[in-house]
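Here's the structure we're looking at; comments come further down.
The values are calculated or read from the model by the stated rules, or taken from the named source; none is laboratory data. Keep in mind it's a predicted model, so treat the numbers as computed, not measured. Using ideal geometry, Cβ is built from the backbone for each residue, glycine included, and neighbour counts are taken over all protein chains shown.
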Amino acid sequence: MTALIELRSLRKVFGQRAAVESLDLVVPRGEIFGLLGHNGAGKSTTIGMMLGQVWPTSGEARVCGHDVTRERGMALARVGAIFETPVFYDYLSGYRNLEVLAQFSAPVSRARLLEVVEWVGLTGREKSKVKTYSHGMRTRLALAQALLPNPELLILDEPSDGLDPEGIHEMRATIQRLNRDLGLTILFSSHLLNEVEQLCTRIAVLQGGRKVFEGTIADAKRTQPRVRLRVNNFDQATRLLVERKLIDSAQDGAFVIPANGVGTDELVRALVENKFSVFEIAPEEETLEAFYLSLVHGAPVSDPARTLTAPPRVGSETGAP
């Protein structure tokens with residue numbers, strides 16, 4: 001399958017600090033791909049290099065088959081993006097804004113303008129001045145601008161940031177529709193893990209400028225879940241379970257990690273046979289959030305073959321666009 005984004009050993013240094021380090025990433029055509037990481041993890045710098053707005057220190061960024069630093073025009077000819085806070089002329093209508101902004105790339109027909117207005121759900125409000133738009137409507141207008149060049153790749157940096165729950169739902173539905181009906185490949189960064197879990201088939205997690213995970217959502221959620229355990233003496237009970245090789249470890253005075261293939265029924269049986277009172281035992285639900293937090297905070301991942309070491313956390317991406 002053709003890759004629309006290929007990053008190879010990509011690196012960006014601001015002063016003495018590496019914002020992105022040795023990043024390899026491939027986004028195949030047709031995917032909705034999520035880029036995750038806390039503030040300062042390197043997401044915005046990475047997207048800036050994909051869009052030719054940040055010059056890489058070393059490495060290569062290829063978009064739509066072209067090197068962004070050497071062939072920026074060709075690389076971005078079929079790319080739409082929402083990057084940083086969209087800026088519009090508040091005293092003009094949404095429609096007139098699209099007309100003006102289209103002149104910076106290539107003129108588009110009235111039919112195309114009306115088509116993208118309909119795609120993002122602004123029909124009926126396109127002639128209203130932007131100063132009357134809600135935050136959600138301004139975000140939809142930004143998406144309309146990104147769609148003007150009839151892209152095959154959309155790059156969206158925190159597209160749901162600041163939206164209310166209804167706006168988040170509408171943005172999710174729009175992204176799914178653009179991917180399904182128009183066949184757009186979409187890469188988006190987000191801190192809303194629930195949205196990522198519902199939208200993406202694959203994700204990459206950045207931490208301290210480095211990629212600490214890349215794979216499918218299913219892979220990310222395949223860690224063996226922790227089990228909440230409430231007993232009359234947690235320390236003694238877990239010591240027994242470790243000795244019996246029924247658990248690998250205990251965490252936070254309230255959780256245990258069962259050994260491979262061990263069920264909660266075996267844990268209860270061993271505890272009751274040894275006179276412990278079991279008040280609660282319940283597996284935690286496997287979620288993307290739990291997996292993500294285990295990476296960025298350095299908590300153990302239960303499958304040793306998939307354990308990834310998270311580098312130290314760094315500050316905000318000073319100097320990034």
Open item on the list: Against the definition (crowded, with 17+ Cβ neighbours inside 10 Å, within 30 Å of residue 12 (Cβ to Cβ) and modelled with pLDDT under 90), how does residue 203 come out, yes or no?
Closed with: no
Open item on the list: For the list (1) farther than 23 Å from residue 143 by Cβ; (2) under 25 Å from the mean Cα position of the chain (by Cα); (3) surrounded by fewer than 18 Cβ atoms within 10 Å (Cβ to Cβ); (4) not hydroxyl-bearing (Ser, Thr, Tyr), I need the number of the one condition that residue 56 fails.
Closed with: (3)
- [ ] Hey, can you tell me all the residues within segment 59-80 that are touching a residue at least 40 places away in the same chain (Cβ under 8 Å), outside any loop (DSSP other than H, G, I, E, B) and surrounded by 22 or more Cβ atoms within 10 Å (Cβ to Cβ)?
- [x] 61, 63, 79, 80
- [ ] Kindly check whether there is at least one residue in segment 202-220 that is in the same structural domain as residue 7 (by TED's automatic domain parsing), hydroxyl-bearing (Ser, Thr, Tyr) and under 10 Å from the mean Cα position of the chain (by Cα).
- [x] no
Open item on the list: Can you find, within segment 288-302, the residue that is modelled with the highest pLDDT among those that are among the hydrophobic types (A, V, I, L, M, F, W, C) and farther than 17 Å from residue 216 by Cα?
Closed with: 296
Task: Complete set of residues in segment 74-104 that are out of contact with any Pro (no Cβ under 8 Å at 6 or more places or on another chain) and under 20 Å from residue 46 (Cβ atoms) - done: 75, 76, 81, 85, 86
- [ ] Quick one: count up the residues across segment 171-194 that are hydrophobic (A, V, I, L, M, F, W, C) and within 15 Å of the chain's Cα centre (by Cα).
- [x] 7
Task: Those residues of segment 1-48 which are closer than 17 Å to residue 213 by Cα, outside any strand (DSSP E or B) and either outside the structural domain of residue 62 (by TED's automatic domain parsing) or β-branched (Val, Ile, Thr) (or both), in sequence order - done: 46
